[in-house]
Amino acid sequence: MIVHPAQLGHQLSLNENPYGPLPSVRAALTDALVAANRYPEFLPRRLPGLIAERLGYPPDRVVVGAGATGVIMHILQEFVTPGAAVVMAAPTFDGYPLLTDTVGGRVVEVPLTRDGHQDLAAMSATIDPGTAVVVLCSPHNPTGTCLRHDALAGFLERTDPSVTVVFDEAYIDFVPPGDRADTAALVERHPNLVVTRTFSKAYGLAALRVGYAFGAAPVIARIRRWQLPFGMTALAEAGVRACYAAEAELALRTETITRECGILTAALRELGYRVPTSAANFVYLSGCAPAELDRLRVGFARDGIQVKHCATGIRITVGDTAATTAVVTAAR
Ligand SMILES: Cc1ncc(COP(=O)(O)O)c(C=O)c1O
């Protein structure tokens, strides 16, 4: 049974794009369905080629997967031997502790600073010879805070090159260009740096499962070894191609979400909540007493608003104007 979005109330727990595919993207997907009886490429070449071309890289610098989650899984499979440490902030995207566990790695968590930033000094201090991978996210999930270029560059300089650094940019398209780290320059200098991105967020293709990583060719070749034959759908390629052709329209949607994020942040701060400035499509209510978190949990559930409850706060995806009104009303 297909559940219509209206039956779900406000689905604000997964940082999805509130808008369905653009008409041009929908048309491309419908066209691609005509050939649904045919297998996609045995191992994807055209899709990573398309993304690489967009980034200005040769195709061997990009690897695709079933969402960024699929790529992250392959990175951990390649670099984490049983018992090796994967250092990450806490809280972070749930996929990191979960997939580390799947590959037999050891999760090493470093608490966020009080203002919702990843504590790079503490993370560096945690790295030891048993560390295989360090994960950094910018913007960070669940707080939406960004890592500045200089902070990332400094972190990479002091990190042993035997440690793979995953820099997760799932929400990069929401970040103003001036606030983005220059990852293109950093991957040239640091062959242990892998940057991951996704089409699930700003591009609104979460159902199609398309993510990718870029970095130095040798590190990407190692990750590519784990790809599943016929593992990427033909719809993924059609969807990405159509999105690239509609960048201007997509940018308007991203701007709308960013504006709504500012409105939601201001309204929640006005109610007295501590909300870090988010550069993504979600906001994080932090610093609440347990009784207040419980009150919010009950209020959101009563009003049919699905949000993500974390140990230290509540993450709320930015939806449309009606969703913002519903969230603020429930919080009040
Ligand atoms: C920081 C971060 N990385 C990666 C992902 C995975 O996205 P996907 O597997 O849909 O590409 C998410 C999804 O919420 C995320 O928040």
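I need the full set of residues from the range 97-108 which are over 17 Å from the mean Cα position of the chain (by Cα) and either of a type outside the set (Ser, Thr, Tyr) or away from the ligand (no atom under 16 Å from the Cβ) (or both), in order please.
Asp101, Val103, Gly104, Gly105, Arg106, Val107, Val108 - these are the residues of the range 97-108 that are over 17 Å from the mean Cα position of the chain (by Cα) and either of a type outside the set (Ser, Thr, Tyr) or away from the ligand (no atom under 16 Å from the Cβ) (or both).
Just the residues that are among the β-branched types (Val, Ile, Thr), in a helix (DSSP H, G or I) and out of contact with any Leu (no Cβ under 7 Å at 6 or more places or on another chain), please, taken from the range 237-287.
Filtering the range 237-287 for residues among the β-branched types (Val, Ile, Thr) gives 240, 254, 256-258, 263, 265, 275, 277, 283.
Checking which are in a helix (DSSP H, G or I) leaves us with 240, 254, 256-258, 263, 265.
The answer is Thr254, Thr256, Ile257, Thr258, Ile263, Thr265.
Quick check: anything in the range 81-96 crowded, with 18+ Cβ neighbours inside 10 Å, at positive phi and either in the same structural domain as Thr196 (by TED's automatic domain parsing) or within 16 Å of the ligand (Cβ to nearest atom) (or both)?
Scanning the range 81-96, I find no residue that is crowded, with 18+ Cβ neighbours inside 10 Å, at positive phi and either in the same structural domain as Thr196 (by TED's automatic domain parsing) or within 16 Å of the ligand (Cβ to nearest atom) (or both), so the answer is no.
For Gln11, are the conditions met, namely being at pLDDT 95 or above, under 21 Å from Thr198 (Cα atoms) and assigned by TED's automatic domain parsing to the domain that holds Ile257?
yes
The rows are residues; the columns are (1) crowded, with 22+ Cβ neighbours inside 10 Å; (2) under 18 Å from Ile172 (Cβ atoms); (3) touching a residue at least 40 places away in the same chain (Cβ under 8 Å); (4) β-branched (Val, Ile, Thr).
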site	(1), (2), (3), (4)
Ala207	no, no, no, no
Ala221	no, no, yes, no
Gln227	no, no, yes, no
Ala238	no, no, yes, no
Glu247	no, yes, no, no
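The values are calculated or read from the model by the stated rules, or taken from the named source; none is laboratory data. Here the structure is a predicted model, which is why all the values come from computation and not from measurement. All Cβ positions, even for glycine, are placed from backbone atoms using ideal geometry, and neighbour counts span all protein chains on display.
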